Amino acid sequence: MEPFPMITGHPQVAHADVLDVGANDHHAQSHTLASHSTRPHSALTGVGANDHHTKPGIVRKTADETVNNSTTYQNDDHLLYAVGANQVYFFILWLRYTTGSVPNIKVQFVGPAGATISAYHQGWDTTHAYDEQLGSTGHVLESNIVEHAAIFHGVIRTGGASGNFQVQWAQNTAEVSDTVVNLDSMLAVWILE
């Protein structure tokens, strides 16, 4: 096994030489994979680029996105995350949105073929009450033209296919008005298995 590159003040050691110590706690230094190992991710058996450490993969929405007069779910341009085959992930979505009280906004999650998704949301529903709902599709949230936020969390279990875990959304009732998912909405994904 190839040794780690030299870290100032520490001798070179191979993973095999560090027994009973996890990748996140063999030293307290913050580091990148490049400074951690001379081996590429592909050479680390069973470890993908997104799950070398137990830190989440975080995707931040870098621009507002608008839908007008449409109830057809569309893929969000930013809120997606590549997932591997036969794995289990936990996710949290913090969704910042603006919509009118007529169109509202509906949100769902999709994954690669064979994936199952259990999602739970906390936010304002169309009866102007705080709501909690379980399911991967049909989360309907309301607003009154001011910015609101909702939190979604859940689990995605992938089957034999890898692909994107994707946030989709649309107006719940078509109206010639803007429904916007706002800048800085965020999706965080952790691999569990």
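The values are calculated or read from the model by the stated rules, or taken from the named source; none is laboratory data. As the structure is a computational prediction, the values presented were derived from the model and not from experiment. No Cβ is skipped: glycine too gets one built from the backbone with ideal geometry, and neighbour counts run over all protein chains shown. We work out accessible area using only protein heavy atoms, side chains counted, and drop any ligands, DNA or RNA first. Shrake-Rupley method; radii C 1.70, N 1.55, O 1.52, S 1.80 Å.
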Could you run through segment 97-149 and say how many residues are assigned to a strand (DSSP E or B), at pLDDT 65 or above, hydroxyl-bearing (S, T, Y) and surrounded by fewer than 19 Cβ atoms within 10 Å (Cβ to Cβ)?
4
Among the residues of segment 94-121, what is the count of those that are within 20 Å of I58 (Cβ to Cβ) and of a type in the set (A, V, I, L, M)?
5
Among the residues of segment 78-93, is there at least one that is more than 28 Å from A174 (Cα to Cα), assigned to a strand (DSSP E or B), of a type outside the set (G, A, S) and over 12 Å from the mean Cα position of the chain (by Cα)?
yes
Tell me which residues, restricted to segment 151-161, are open to solvent by 20 Å² or more (accessible area, probe 1.4 Å) and either within 15 Å of the chain's Cα centre (by Cα) or within 25 Å of T98 (Cα to Cα) (or both).
I151, H153, V155, R157
Determine, yes or no, whether V88 is open to solvent by less than 40 Å² (accessible area, probe 1.4 Å), of a type in the set (V, I, T) and modelled with pLDDT of 95 or more.
yes
Residues (hydrophobic (A, V, I, L, M, F, W, C) and either free of Cβ contacts under 8 Å to residues at least 60 places away in the same chain or at positive phi (or both)) located in segment 74-117:
F109, V110, A113, A115, I117
